[in-house]
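Structure first, commentary second.
The values are calculated or read from the model by the stated rules, or taken from the named source; none is laboratory data. If you're wondering where the values come from, they're calculated on a predicted model, not measured in any experiment. Glycine also receives a Cβ, built like all others from the backbone with ideal geometry; neighbour counts cover every protein chain displayed. To get the accessible areas, we keep the full protein, side chains included, count just its heavy atoms, and leave off ligands, DNA and RNA. Shrake-Rupley method; radii C 1.70, N 1.55, O 1.52, S 1.80 Å.
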Amino acid sequence: MASHIRIGIDLGGTKIEGVALDRDEELARLRIATPQHDYDATVQAIVGVVDDLARGGGGIRSDRERATVGVGIPGTVVPSTGLVKNANSTWLNGRPLERDLAAVLGRPVRCANDANCLAVSEATDGAAAGAALVFAVILGTGCGGGIAVDGRVHVGPNGVAGEWGHNPLPWATADEMPGPHCFCGQRGCLETWISGTGLAADHRWVTGRTLTGPEIVASAAAGDAAASASLARLEERIGRALASVVNMMDPDVIVIGGGLSQLDRLYVNLPALIERHLFGGGMLTPVRKAKHGDASGVRGAAWLWPEQG
């Protein structure tokens with residue numbers, strides 16, 4: 001069977017990471033800083049990473065003209081216009097990133113939301129390998145979601161399928177309303193509650209102490225009761241939020257990535273917390289940690305192109 005080289009790019013707010021895969025074998029990897037507030041420089045930086053990977057060793061050079069390119073971005077490309085929207089790297093918004101990259105590289109490029117790339121990666125050869133419907137969650141500085149159907153990204157006509165982080169916290173209590181302000185202009189979005197920054201803000205509000213997410217986790221592990229209570233509130237809110245997903249989509253697998261995915265207690269506690277709000281009970285959907293960890297997004301970007309013989 002002929003070799004098929006895939007190049008995946010993960011465009012983050014502070015770093016651009018690239019990987020070259022031959023089927024599931026990693027051939028090369030590269031990471032550089034993301035140019036800040038400069039669209040043209042960002043395009044050129046991505047092009048440079050793709051070119052470096054295509055010229056690299058491991059057999060890529062012979063297939064560089066055939067190598068497919070997929071890019072995970074912190075936003076989405078609107079199918080009807082080809083323009084980026086909802087990117088927290090705001091200099092990408094309103095720009096035809098996919099078309100511009102394809103024009104400079106001289107080959108087709110596919111862009112997708114980074115959480116969708118996580119879903120594709122984990123559905124292809126990760127924690128949800130072979131599952132028909134996968135909901136992937138990124139719990140990090142922010143909070144996002146992505147959907148893979150039969151291993152392929154599901155985008156939707158508005159380009160926002162899986163944009164879980166900008167829905168309101170479900171079954172909100174009186175003291176959770178109207179909720180914190182979100183950068184999107186709304187209040188009470190999931191991102192303001194169940195992200196790393198949301199955890200830190202909630203802990204500060206309840207205790208008056210300013211700690212980062214990792215510091216709260218470390219304090220809880222050391223026996224700090226207030227930090228443990230903050231993590232319990234976080235888990236309970238994630239449970240409510242995921243219950244609304246299961247009620248609506250009933251995915252075969254839920255996969256969690258991002259920094260908070262390293263909390264092993266999530267996988268013990270979440271099924272029962274989800275079941276509390278699940279219509280009819282009987283929570284059967286497995287909740288799993290992303291197999292590929294931080295590398296899952298860039299691998300998923302490479303897998304935006306289907307297998308070729």
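Observations on the model:
- Meets criteria (open to solvent by less than 30 Å² (accessible area, probe 1.4 Å), within 30 Å of Gly146 (Cβ to Cβ) and outside any helix (DSSP H, G or I)) for Leu211: yes
- Of all residues in the stretch 266-284, one or more are of a type in the set (Val, Ile, Thr) and more than 23 Å from Cys117 (Cα to Cα).
- Subset of the stretch 193-206 that is at pLDDT below 95 and not in a loop (DSSP other than H, G, I, E, B) - its residue that is surrounded by the fewest Cβ atoms within 10 Å (Cβ to Cβ): Thr197
- Hey, Gly282 among the small types (Gly, Ala, Ser), assigned to a loop (DSSP other than H, G, I, E, B), open to solvent by less than 50 Å² (accessible area, probe 1.4 Å) and more than 14 Å from Asp24 (Cβ to Cβ) or not: yes
- Checking each residue in the stretch 168-182 for being assigned to a loop (DSSP other than H, G, I, E, B), in contact with a helix residue (DSSP H, G or I) (Cβ under 8 Å, 6 or more places away or on another chain) and open to solvent by 80 Å² or more (accessible area, probe 1.4 Å) picks out only Trp171.
- The set of residues in the stretch 137-168 being over 27 Å from Lys291 (Cα atoms) and at pLDDT 95 or above consists of Pro168 alone.
- Total residues in the stretch 97-132, condition in a loop (DSSP other than H, G, I, E, B), more than 19 Å from the chain's Cα centre (by Cα) and buried (at least 16 other Cβ atoms within 10 Å of the Cβ): 1
- Filter pass, Val43 being touching a strand residue (DSSP E or B) at 6+ places or on another chain (Cβ under 9 Å), over 21 Å from Arg299 (Cβ atoms), open to solvent by less than 50 Å² (accessible area, probe 1.4 Å) and at pLDDT 95 or above: no
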